[in-house]
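Notes follow the structure.
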Amino acid sequence: METIRPVAPADAQALLDMRLANREYFRRWEPDSPDPNRWYTLDSVAVWIADGEQRFAILDEGAVVGMVSLSGIQRAPFESAMVSYFVDAARAGRGLATRAVAEVVDLAFGELGLHRVEAGTATANVASQRVLERNRFTRVGLLRRHLLLGGVWVDHYLWERLEDD
C-alpha cells in the first residue's frame, strides 16, 4: 500500500483540521511568517497545496495525516529539489514520514529524472534527521542561523541524497 498520493484540492480541509490540531506541535519547526495563520486557514492551505510544487498527501489507512513535498525543483544544470514533510503528532514515530520520503525520493530520481534531493533540519530536530538517515541522506554541512523560528535564527543541517547513493 502506498503511503503517498498527489495532494488534491479536496484534501485542504483534512490538512487544515490536522494542522489546527497540531499547531503547537508544529510551531517549534515552522518558519516565522508575517502572517501567523499562513498555514492555518482553509484559503491559505488551498493556495499552498495548489502552488505548483510537487506536493503529496501522506496517508494512514486512507486518512490524510501529513504532507511531503518536492519544492524548488531546478532543472539543468542542477536537476535537484528540496524535500520537506510533516506528519500528525499522534502518528509520529510509526515510520510514516520515513516511508513517505522514500516514495517521493523514488519519484524524484525516477519519473522526474532528478540528480539530487536536498533537505534541511534544525539541529535540534532529531526525529526529522532520523527520517533522512533512514532514507540514505548524508549530512553535508551546517547552515548557521539559517531560518527564523520563534523569533530566533536557528542553525540547520544540510542533507543530500544523490540518485546513485
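The values are calculated or read from the model by the stated rules, or taken from the named source; none is laboratory data. Just so it is clear, the model here is predicted, and its values are computed rather than measured. Using ideal geometry, Cβ is built from the backbone for each residue, glycine included, and neighbour counts are taken over all protein chains shown. Just so you know, the surface numbers come from the protein's heavy atoms only, side chains and all, with ligands and any DNA or RNA stripped out. Shrake-Rupley method; radii C 1.70, N 1.55, O 1.52, S 1.80 Å.
Could you work out how far apart the two model spin labels at Ser33 and Glu61 are, taking each label as a point 7 Å from the Cα in the direction of the beta carbon, and quote it in nm?
3.0 nm
Going 7 Å from the Cα of Phe78 in the Cα-to-Cβ direction, what parts of segment 89-108 have a backbone nitrogen less than 20 Å from that spot?
104-108
Around Asp11, with a cut-off of 10 angstrom between Cβ atoms, what is the net charge of the other residues, counting Lys and Arg +1 and Asp and Glu -1?
+2
Please compute the Cα-Cα pair-distance distribution of segment 1-144 with 5 Å bins starting at 0, giving whole percents from short to long.
Once binned at 5 Å, the Cα pair distances of segment 1-144 give 2, 9, 19, 23, 22, 16, 7, 2, 0.
Any idea how far apart Leu42 and Glu24 come out in nm if each label point goes 7 Å out from Cα toward Cβ?
Using points 7 Å along Cα→Cβ, the separation is 2.6 nm.
Per the 1.4 Å probe, what fraction of the accessible area of the chain, in percent, lies on carbon and sulfur atoms?
Taking all protein chains in place, the chain shows 52 percent carbon and sulfur surface.
Find out how many positive minus negative residues lie around Gly150, taking Lys and Arg as positive, Asp and Glu as negative, among other residues whose Cβ is under 15 Å from that of Gly150.
Around Gly150, the charge tally is +1.
Could you give the semi-axes, largest first, of the ellipsoid that matches segment 66-165, computed as the square roots of 5 times the alpha carbon gyration tensor eigenvalues and rounded to whole Å?
For segment 66-165, the semi-axes come out at 21, 18, 12 Å.
Considering amide H positions built from the backbone, and no H for Pro or chain starts, which residues 5 or more places from Gln54, or on another chain, come under 5 Å of its amide H?
It is Leu70, by chain and number.
So what is the relative contact order for the chain, in percent, with contacts set as C-alpha pairs under 8 Å and at least six apart?
In percent, rounded to a whole number, it is 20.
Counting helices only, and only those DSSP H runs with n ≥ 4, report the 222 nm mean residue ellipticity of the chain as the sum of -39,500 (n - 2.57) divided by its residues, in deg cm²/dmol to the nearest 500.
-8000 deg cm²/dmol
Quick check: the distance between the Cα centres of segment 23-79 and segment 91-145, to the nearest angstrom?
Segment 23-79 and segment 91-145 have Cα centres spaced 15 Å from each other.
Accessible area per residue, 1.4 Å probe, Å², for the chain: what's the number?
That works out to 54 Å² for each residue.
Between Arg134 and Ala8, take the C-beta separation as r, use R0 = 25 Å, and let me know the FRET efficiency to the nearest 0.05.
That gives a FRET efficiency of 0.35.
Hey, what do the phi angles of segment 31-40 turn into as Karplus ³J(HN,Hα) couplings, whole Hz, using 6.51/-1.76/1.60 and θ = phi - 60°, x for Gly and Pro?
Going residue by residue, I get x, 4, 9, x, 10, x, 9, 3, 10, 10 Hz, with x marking Gly and Pro.
With the contact rule set at Cα under 8 Å and sequence spacing of 6 or more, what percent relative contact order holds for segment 1-82?
33 percent
How far apart, in nm, are the 7 Å Cα→Cβ label points at Val126 and Leu158?
Between Val126 and Leu158, the label points sit 2.6 nm apart.
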